[in-house]
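K.L.:
Shown below is the structure under consideration.
Values quoted throughout were computed directly from the atomic coordinates according to the rules given, and no laboratory measurement underlies them. None of these values were measured; they are calculated from a predicted model. Please note: Cβ atoms are built from the backbone with ideal geometry, for glycine as well, and neighbour counts cover all protein chains shown.
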Amino acid sequence: MTFVVTDNCILCKYTDCVEVCPVDCFYEGPNFLVINPDECIDCALCEPECPANAIFSEDELPAGQEEFLALNEELSGVWTNITEKKDPLPDYEKWDGVEGKIQYLER
Ligand code: SF4
Ligand code: SF4
């Protein structure tokens, strides 16, 4: 079982989640973070830390967010590990809660 970062992280990227992960399994792209499903130990610590409510257990993914499971797996294989909090992206408040942000995902 793994936790999954979903659509509402895109263009926000608060990074609160990375500080609590005991196994440092978050990976960072230009405007999104993902969790490596092979490294996640299913501890659930990150889920309540996310101000954007973008993290879900894989068996509790909201309808329409299912594709993010494969996306987290794929992108965590190519992106850079992130373990320390940094400032969110410049327009994070404007984008929080906007639906369908996957169209803006940068790889
Ligand atoms: S805290 Fe939430 S919005 Fe911020 S980087 Fe982590 S998953 Fe993305
Ligand atoms: S569930 Fe735990 S191990 Fe998995 S990403 Fe979140 S904090 Fe890390």
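K.L.:
Counting other C-beta atoms within 10 Å, which of I10, I102 has the fewest, and how do the rest follow?
P.N.:
Details: I10 26, I102 15.
Fewest-to-most Cβ neighbours within 10 Å comes out as I102, I10.
K.L.:
Right, something else. Between segment 81-107 and segment 1-70, how far is it from one alpha carbon centroid to the other, in angstrom?
P.N.:
12 Å
K.L.:
Give me the extension gain from A44 to I102: residue separation times 0.36 nm, minus the current Cα-Cα distance, reported in nm with one decimal. Mind showing how you got there, number by number?
P.N.:
On the way: separation 58, 0.36 × 58 = 20.88 nm, distance 2.37 nm.
Working it through step by step, the gained length comes to 18.5 nm.
K.L.:
How big is segment 1-55 in terms of Cα radius of gyration and Dmax, in angstroms?
P.N.:
9.9, 26
K.L.:
In addition: Measure of size requested: the Rg and Dmax of the chain, with Cα atoms as the atom set and Å as the unit; please supply both.
P.N.:
12.1, 33
K.L.:
Which parts of segment 1-24 would a label at E60 reach, counting a residue when its backbone N lies under 18 Å from a point 7 Å out along Cα-to-Cβ?
P.N.:
Residues 1-9, 17-18, 20-22 qualify, since their backbone N sits under 18 Å from the label point.
K.L.:
Give the relative contact order (percent, whole number) for segment 1-82; include only Cα pairs under 8 Å separated by 6+ residues. List each step's numbers first, then the result.
P.N.:
Working: 147 pairs, mean separation 36.5, N = 82.
So the answer I get is 45 percent.
K.L.:
Using Cβ counts within 10 Å as a stand-in for footprinting exposure, how do S76, S57 rank, fewest first?
P.N.:
S57, S76
K.L.:
Of P51, P88, P62, which is the most mobile in a GNM of the chain whose springs link Cα atoms less than 10 angstrom apart?
P.N.:
It is P62.
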